[in-house]
Amino acid sequence: ACQHRLWPEIESVVKQQVAWARTGIGECGQGWQLFAEDGEMRMYRREEEVDGMAVDPLKAVHTVPGITGHEVCHYFFGPQYRYDWETTLEQMTVLETVSDDTLVFLQTHKRIWPASQRDVLFWSHMRKLPNENDRDGPDLWTVVNNSTTHLDYPPNVGKCVRIYLKVCLLCQTRVDPPKDGAPLTRDNISCKITYCSVVNPGGWAPASVLRAVYKREYPKFLKRFTAYVVNQTKNKPIMF
Ligand SMILES: CCCc1ccc(-c2ccc(S(=O)(=O)CCO)cc2)cc1[C@H]1C[C@H]1c1ccccn1
């Protein structure tokens, strides 16, 4: 995969996106507004427009007990699970298998009235990252999704408007070993999740409609996805 045409871009976008995900909300600077809160989940957005279109950057942080970062990234990356948790998905195709940790997807999402239907074409890369802060702590895991092109699927040919996105899911496992030296169980682990996304809706869509969609869909997506991972892993050995 290292000689693949996408490799240089993957390397630079992953580094940039992980650095961005690691930047706390406070350090990010002004303009972030908390727009959704549910238990441990906090969702922030910044209102930004490009050519009159809302492209609000989003940053969500969540802590989920009983699962690891590897497990969260495994279920987020794997195409075989996506229809189970991505409620807005209408059609998903793997256009290219670059390597076992890098795929190219084409997805059409359900139409959101009155905006026209959208599709998105992106590479998706999963990677384990060394834990810089705590050398003997568990590694970090990330999945980065970044819009790309494909000769056979030019944008805006059919009924769908092509959207452009950059997504980073960054996961840090936390282990609190049991006092009495007993073996680790899922009661001793949790996962700190940072989800960052910037979506350019591609064609014109009313900013008010897009913002209402994001406000409704993003909290639902993160809650549903993390609940899915808890449910899929609860009776399985821990995947660190
Ligand atoms: C006009 C823009 C519509 C729109 C653009 C983009 C996306 C979207 C695509 C991919 C990803 S992901 O994180 O890469 C997971 C893989 O699917 C997240 C979000 C969804 C919507 C629509 C359906 C709405 C939505 C928004 C947020 C979360 C889920 N669905």
Per residue, accessible area of region 1-149 with a 1.4 Å probe, heavy atoms of protein chains only, in Å², comes to 47
Which shape class applies to region 6-136: rounded if a/c is under 1.5, otherwise prolate when a/b exceeds b/c and oblate if not, where a ≥ b ≥ c are the square roots of the Cα gyration tensor eigenvalues?
rounded
One would report the Cα pair-distance distribution of region 90-240, bin width 5 Å, in %, as 2, 7, 13, 17, 17, 14, 10, 8, 5, 3, 1, 1, 0
Carbon and sulfur together cover what percent of the accessible area of the chain at a 1.4 Å probe radius?
54
Separation of region 57-111 and region 187-231 by C-alpha centroid, Å?
12
Residue-normalised 222 nm signal for the chain, counting each DSSP H run of n ≥ 4 as -39,500 (n - 2.57), nearest 500 deg cm²/dmol, is -8500 deg cm²/dmol
List the relative contact order of region 99-240 as a percent without decimals, with contacts defined as Cα pairs under 8 Å and 6+ residues apart.
19
Mind checking the angle between helix 7-22 and the chain's longest principal axis? C-alpha axes, 0 to 90 degrees, to the nearest 10.
70
Set of lysines near K234 by C-alpha distance (under 19 Å), chain-local residues within fewer than 8 positions excluded:
K192, K223
Å² per residue, accessible surface of region 151-240 at 1.4 Å
55
Ordered by residue, what ³J(HN,Hα) values in Hz, to whole numbers, does region 193-204 give under the Karplus form 6.51 cos²θ - 1.76 cosθ + 1.60, where θ = phi - 60° and Gly and Pro are x?
10, 10, 10, 10, 8, 10, 10, 9, x, x, x, 4
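The values are calculated or read from the model by the stated rules, or taken from the named source; none is laboratory data. None of these values were measured; they are calculated from a predicted model. Accessible surface is based on the protein model in full, side chains and every heavy atom, while ligands, DNA and RNA are left aside. Shrake-Rupley method; radii C 1.70, N 1.55, O 1.52, S 1.80 Å.
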